[in-house]
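Heads up: the structure comes next, in structure tokens.
The values are calculated or read from the model by the stated rules, or taken from the named source; none is laboratory data. A quick note: this is a predicted structure, and the numbers were derived from the prediction, not measured. Here the Cβ is made from the backbone with ideal geometry for all residues, glycine too, and neighbour counts use every protein chain on show.
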Amino acid sequence: MSTPFIRKLIYEVFQSCRHAVLEGGEALTQIPPELSYDRIVYAQPGHDTPPPISRNDFLRYLNNQTHTAEQLRFVLFVLLYTKQHANLVSQGATGLSPPWTEEDEKCVRRSVLLARRESRTTSVISTTPPPTAHSNEFTDFGIYTGPASTKSTYTPPSTAGTDSSALVATNPLLASEIEKCLATYINHGAPHQLNLSDLDHACLIQALKQSNHPAVFRLVVQQVENDLRASHREFIHFVVSNPELPVLRSHLLASRLIGATIIILSLAAAVIMTVSKISRGFIAVIVPFFFAGIVTSFVAERELFVWCGQGLEEREGKAKRKLQGVVMMQGVWAGVIATGCFCALFFPVTKGNKF
């Protein structure tokens, strides 16, 4: 199926949900598959959702309403990182780690827990007074405090950050991406730091020191997406139940650009003809183009005017066609008035005859 058809189909589903909620006065009980979280976040180009339910609209909602936009930004980073890794694999690039398994995750978690346990043990030992000849070398908790136990042979992983030399990611592209991820989402004080527990934070840092496979982000992505899926449902309810949100006009941007371009070129050509030796009659050739530009821009920007009430997308059948006719006639009148001003401005002006 073609891209316009898919986007139109998704938009029609959205509009039907909106009409059901606004006319029935009830909440949306079930979100259609066309508006699902996976469709909005993971859909390939051409199958993505259009405004006002696009990925950017969802990101804007998270930023303004729930203030958790960093979660979606991180998921999108992992999605892009996964694609980059797949491309490198297909190209036969070197420095790629083997798949990161659930057993690897368990080993990392055990090593982090062991490091913390030994770190706490070392901390307790360092604060215990040295034993005397009459003291017991064991505490009430069974921790040996003799001279042989005052040092730990295990160095716990640092959770304050990491550097490229500590990473196993020998592929320069992936190493650079991991550094960006750490600096943006993971390290303490990062601009979009995720709200992770100390244990999950330490496990991810340790995993990134051992592998550059995209699966190292699996557990964090699962935790983040639990919140995102709940926010997605609230986002759909918010968009569907709010009739003031902008609606889809696939050709609206093109119409704006075409109208503005025609108007600017017409004015520029009229100015050039006025200051040059070109016959004034050629300005009359520009008038129809200027008129068309005004009408196009007016119709494209009709949502900014209150004369028409609801937008065209909220009407159906004869009411929609009638409203389209009203908007077009208003555009024609706006074109006539603007063209009259255009002629009154350029035709009476004395020619410059400069070139």
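When segment 95-116 is filtered for residues that are among the charged types (D, E, K, R) and closer than 17 Å to Ser197 by Cα, the ones remaining, listed by number, are Glu105, Lys106, Arg109, Arg110, Arg116. Hey, can you tell me all the residues within segment 259-288 that are of a type outside the set (A, V, I, L, M), free of Cβ contacts under 8 Å to residues at least 40 places away in the same chain and over 16 Å from Ala344 (Cα atoms)? Selection gives Thr261, Ser279. For segment 159-174, filtered to residues that are among the hydrophobic types (A, V, I, L, M, F, W, C) and surrounded by fewer than 18 Cβ atoms within 10 Å (Cβ to Cβ), the residue that is modelled with the lowest pLDDT is Ala160. Whenever a residue of segment 83-107 is at pLDDT 90 or above and surrounded by 11 or more Cβ atoms within 10 Å (Cβ to Cβ), its partners that are of a type in the set (Val, Ile, Thr) and not in a loop (DSSP other than H, G, I, E, B), lying with C-beta atoms within less than 9 angstrom and at least six residues away or across chains, give the pairs Leu96/Val89; Ser97/Val216; Trp100/Val216; Asp104/Val216; Glu105/Val216. If the condition is being over 30 Å from Gly189 (Cα atoms), aliphatic (A, V, I, L, M) and without any contact (Cβ under 8 Å) to a residue 24 or more places away in the chain, then segment 34-81 contributes only Ala43.
Taken over segment 1-39, the residue count meeting the criterion of being at pLDDT 80 or above, of a type outside the set (A, V, I, L, M, F, W, C) and farther than 17 Å from Asp57 by Cβ is 5.
A count restricted to segment 239-254 and to residues that are surrounded by 13 or more Cβ atoms within 10 Å (Cβ to Cβ) and modelled with pLDDT of 70 or more stands at 3.
Count of segment 176-221 residues, restricted to those that are assigned to a helix (DSSP H, G or I) and either farther than 26 Å from Leu114 by Cβ or not small (Gly, Ala, Ser) (or both), is 27.
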